[in-house]
Amino acid sequence: MDYFLTEDQKMIKELSRQIADEKIMPARAELDEKEEFPWEIIKVLASSDLMGLCYPEEYGGLGGGTFENCLAVEEISRACIGVSVCFAGTGLGAYPILLFGSEDQKKRYLPDIASGRKLAAFGLTEANAGSDASGIQTSAVLDGDEYVINGTKQWITGGGEAEIYTVIVMTDKSRGSRGASALIVEKGTPGFTFGIKEKKMGIRASATTELVFSNCRVPRDNLIGKAGIGFIVSMRVLDRTRPGIGAQAIGLSQGALDTAVSYARERKQFGKPIISFQAVQHMLADMAIQTEAARALVYSACRFIDSGAKNISKVSAMSKVFSSDVAMKVTVDAVQVLGGYGYMRDYPVEKMMRDAKILQIYEGTNQIQRNVIGQELIKEYAGKKDNR
Ligand code: COS
């Protein structure tokens, strides 16, 4: 399919693909096995300028948008979504500053993030506040010119490895979601430590930890935007980053399809390559249809967001939910095509199937995405003429 990419977009895709083929594919099994953060690969992505794709040139970025970033995420994910979440997670951490930060905060933090010298991470989730994001308990109390933070964030992507954290805290519990605020906390700030590194089913190259705040003091200047907008910051950021999960999903699906087709061409049973059997062809055909449909939706959502459209929640959620459901199905089917070999760690589809599951969970479960879409439909159809 030709998506009529610009020359720059084609270049981003090709460069990312080359790094994925040469650096990530040979390393992915070991990174997964050892649960090792892929610093060497991050350095290659940084020296190729890919870490700065979605930041304005004035802050050291390449001036691209959601689409350019997603093209890179897709290609990296074809090889390994454990690595691609390390790449994309820093964007999630940086977006609150990019969208809502002051000029001073942008100048202070974005050049280091865009160059890949420092990684960022986003801290929203807590033990008792996952889908119910406005139920967070971590508090920040103003004391003179400093906020004093107490509480624990859970399952934070990039935890321990990132230097810059954008953390959602409660500054006024009595106001519910309107009492949340977003603060920047740097690694090394006294009172800010990391909990245990989680042992995960998939995306094991990435680091997932707790962020523990115990009377951690940060300057009042680290407040992003103004007090009380932390929940809106989170929602707006997630609206822009969820297509990135879609991009991970289409890259992963493509990787699984590539492996399944190659295997089916080689593997002989009953004297013939198994790809000559219609039962196998139909599975591969469905995998290809679903992957292409997901790609078309993710690319359209990215272009819609980059057009400056305001009401992006619905398409963003659609691109995430559809592609991640596709990735789950396609990776399960890839294991099926490879049969017993697919179940073994010698082939990459076993890891792909384990990796796929998180796509239906993080950045908002697929049930939450359907809620978002449902709520948007209710708003859209309110007051419309009855067309039955
Ligand atoms: N953009 C701007 N504002 C938004 C918004 C969006 N996308 N979504 C909600 N808001 C606003 C609402 O308009 C409302 O504003 P008012 O207080 O002025 O009325 C406010 O935010 C609260 O919205 P709502 O009542 O819909 O919030 P809920 O507590 O019901 O939660 C969901 C809404 C479930 C959609 C939200 O909590 C969510 O996205 N949860 C999943 C979180 C997630 O993705 N976690 C993953 C971890 S982060 S990697």
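Derivation of every value follows stated rules applied to the coordinates shown; laboratory data play no part. Small disclaimer: the values here were computed from a predicted structure and weren't measured. All Cβ positions, even for glycine, are placed from backbone atoms using ideal geometry, and neighbour counts span all protein chains on display.
Brief remarks follow.
- The stretch between residue 21 and residue 300, if pulled fully straight at 0.36 nm per residue, gains 97.8 nm over its current Cα-Cα span.
- Note on residue 365 and residue 377: the model spin-label points, each 7 Å out from Cα along the C-beta direction, lie 1.9 nm apart.
- Working note: Karplus 6.51/-1.76/1.60 with θ = phi - 60° gives segment 218-230 the couplings 10, x, 4, 4, 7, 5, 8, x, 10, 4, x, 9, x Hz, where Gly and Pro are set to x.
- Among 28, 242, 345: highest mean-square fluctuation, GNM of the chain, C-alpha pairs under 10 Å: 345
- Segment 56-82 residues near the modelled residue 194 label - backbone nitrogen below 14 Å, point 7 Å along Cα→Cβ: none
- With 10 Å bins from 0: P(r) over segment 163-206, alpha-carbon pairs, percent: 22, 32, 35, 12
- Per-residue ³J(HN,Hα) for segment 197-208, Karplus 6.51 cos²θ - 1.76 cosθ + 1.60, θ = phi - 60°, Hz, x for Gly and Pro: 7, 5, 9, 10, 5, x, 5, 7, 6, 8, 9, 10
- Three-way shape call for segment 121-228 based on the alpha-carbon gyration tensor, with the a/c threshold at 1.5: oblate
- Proportion of all alpha-carbon pairs of segment 7-118 beyond 26 Å (%): 16 percent
- Note on residue 118: lysines with a C-alpha under 17 Å away, same-chain residues under 8 apart excluded, are 43, 106, 107, 187.
- 24 Å Cα-Cα threshold exceeded, pairs from 23/320; 197/357; 10/310: 23/320; 10/310
- In percent, rounded to a whole number, the relative contact order of the chain is 16, using alpha-carbon pairs under 8 Å and six or more apart.
- Acute angle (nearest 10 degrees) that the helix 366-381 long axis makes with the longest principal axis of the chain, alpha-carbon atoms: 70 degrees
- Residues whose amide H comes within less than 5 Å of that of residue 217, counting only those at least five positions distant or on another chain, are 149 (H built at 1.01 Å from N in the peptide plane).
- Under 17 Å from residue 153, Cα to Cα: aspartates and glutamates that are on another chain or at least 8 residues apart: 126, 132, 161, 163, 186, 198, 210, 363
- Database remark: amide H of residue 119 closer than 5 angstrom to the amide H of 163, 164 (H placed geometrically; neighbours at sequence offset of 5 or more, or on other chains; Pro and chain starts carry no H).
- Taking θ as phi - 60° and the Karplus parameters 6.51, -1.76 and 1.60, the scalar couplings of segment 347-361 work out to 10, x, 5, 4, 5, 4, 5, 5, 5, 4, 4, 5, 5, 7, 10 Hz in sequence order, x denoting glycine and proline.
- Taking the C-alpha atoms only, the angle from helix 81-100 to the longest principal axis of the chain is near 30 degrees.
- Helix 7-19 and the longest principal axis of the Cα set of the chain meet at an angle near 80°.
- Close amide-amide hydrogen proximity is noted between residue 207 and 158, each under 5 Å apart and 5 or more residues distant or on a separate chain (H modeled in the peptide plane; Pro and chain starts excluded).
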